[in-house]
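Q: Quick one: this structure, given as structure tokens, is what I'll be asking you about.
Derivation of every value follows stated rules applied to the coordinates shown; laboratory data play no part. Not measured: the values here are computed from a predicted model. When we count neighbours, we look across all protein chains shown, and the Cβ atoms used for this are built from the backbone with ideal geometry, even at glycine.
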Amino acid sequence: MILSRNIIYSKVYPRERRMNRTNIQEKFWDFYALELLTAKSKGSYLQHQRMANLLKEVTVALLNEQIMALEASIRGEVRYFYRACKARSGCNGSCCVSDFLKSVYKNNSPIKMNLETIEAIFNKKIWKRDYGGKRWARATKALIEAKKAFQAGDLRGMIYYVDRIFDLQHNNGFILDKTNFAILKIDLDKRHNLRNIKALKYCGVSKRVRGEVESFKKCA
């Protein structure tokens, strides 16, 4: 019996800990707006420090949410591992994968399995086009590295992985689309056009960051 995706999500990404959709959208735009403001404010030490501190605050909150959502998606996908092995042409479930990986999967639920083992499972050549495979292996690797950056308080690494995780794709779309954390593709595309302060006028930033944008314009 394959563990329900909803059960996995409830354990890894529980509803009571999730941001609501409005907050996710605002945090998304706050992150990219503050990244731009921090880069543009280097001429003023105090202003730069304020922008950098706000960017760190938003980055930590956003990456923490992304990590939970991404991990829920990954653990929800790896539950198909044993079925994929058995469904492989000419395979009765006793080949294609090492005894170690099979025993790990059978004795540990997708909720408890360590991420390195999950990455190894996704890298096995047993997956059909619609499930698992290399894209999920890359996503798992990104999750492992994002967690390391988060736990170490590495701001540069956290900033990199916030942006990286938004671009991760499964076999039919963006991985975060499988969770409450989905961002519209039009917004994912629009973020790459944030090259000047004027462009922030059309972004859904929070009132707090909107105030920082207006303050920045007056000082510029």
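Q: Assuming a ≥ b ≥ c are the square roots of the Cα gyration tensor eigenvalues, decide whether segment 117-172 counts as rounded (a/c under 1.5), prolate (otherwise, with a/b larger than b/c) or oblate.
A: Details: a/c = 4.98, a/b = 1.99, b/c = 2.50.
Note, shape of segment 117-172 comes out oblate.
Q: For the pair LEU155/HIS192, report the inter-label distance in nm, with labels modelled 7 Å from Cα in the Cβ direction.
A: Reported label-point gap for LEU155 and HIS192 is 2.7 nm.
Q: Expected output is a single nm value to one decimal: the length gained when fully extending between ARG164 and LYS125, i.e. 0.36 nm times separation in residues minus the C-alpha distance. What is it?
A: Working: separation 39, 0.36 × 39 = 14.04 nm, distance 2.51 nm.
This chain segment gains 11.5 nm when fully extended.
Q: Let me ask something else about it. Using only the alpha-carbon atoms, what does segment 138-220 span along each of its principal axes? Please give whole angstrom values in decreasing order.
A: Its Cα atoms span 44, 32, 21 Å along the three principal axes.
Q: What's the FRET efficiency of LYS147 with SER10 using the Cβ-Cβ distance as r and R₀ = 25 Å, to the nearest 0.05? Don't jump to the answer; show the numbers that get you there.
A: On the way: r = 20 Å, r/R0 = 0.82.
Computed FRET efficiency for LYS147 and SER10 comes out at 0.75.
Q: What residues qualify as long-range amide H neighbours of GLN169, i.e. H under 5 Å apart, gap of 5 or more or another chain, H built at 1.01 Å from N?
A: Residues meeting the amide H criterion: ILE175.
Q: Round to the nearest 0.05 the FRET efficiency obtained for LYS134 and LYS207 when R0 = 41 Å and r is the Cβ-Cβ distance.
A: The formula returns an efficiency of 0.45 here.
Q: Can you pull the one-decimal nm distance between simple spin-label points at SER44 and GLU57, each 7 Å off the Cα toward Cβ?
A: Between SER44 and GLU57, the simple spin-label model gives 1.7 nm.
Q: Can you sort ASP30, ASP154, ASP189 from fewest to most other Cβ atoms within 10 Å of each residue's own Cβ? The partial results should precede the final answer.
A: On the way: ASP30 26, ASP154 13, ASP189 9.
Fewest to most other Cβ atoms nearby, the residues stand as ASP189, ASP154, ASP30.
Q: For segment 132-220, which chymotrypsin sites (Phe, Trp or Tyr not before Pro) are in a loop by DSSP, counting at most 11 other Cβ atoms within 10 Å?
A: Details: sites: TRP136, PHE150, TYR160, TYR161, PHE166, PHE174, PHE181, TYR202, PHE216; in loops: PHE181.
Filter output for segment 132-220: empty list.
Q: Follow-up. In µm²/s, what is D for segment 146-185 at 25 °C and 0.890 mPa s, where D = kT/(6 pi eta Rh) by Stokes-Einstein and Rh is the Kirkwood radius from Cα pairs?
A: Numbers: Rh = 11.0 Å.
Stokes-Einstein gives a translational diffusion coefficient of 223 µm²/s.
Q: Here's a follow-up. With labels modelled as points extended 7 Å from the Cα through the Cβ direction, what inter-label distance (nm, one decimal) is found for GLU116 paired with ASN64?
A: My value for the distance between the label points is 2.7 nm.
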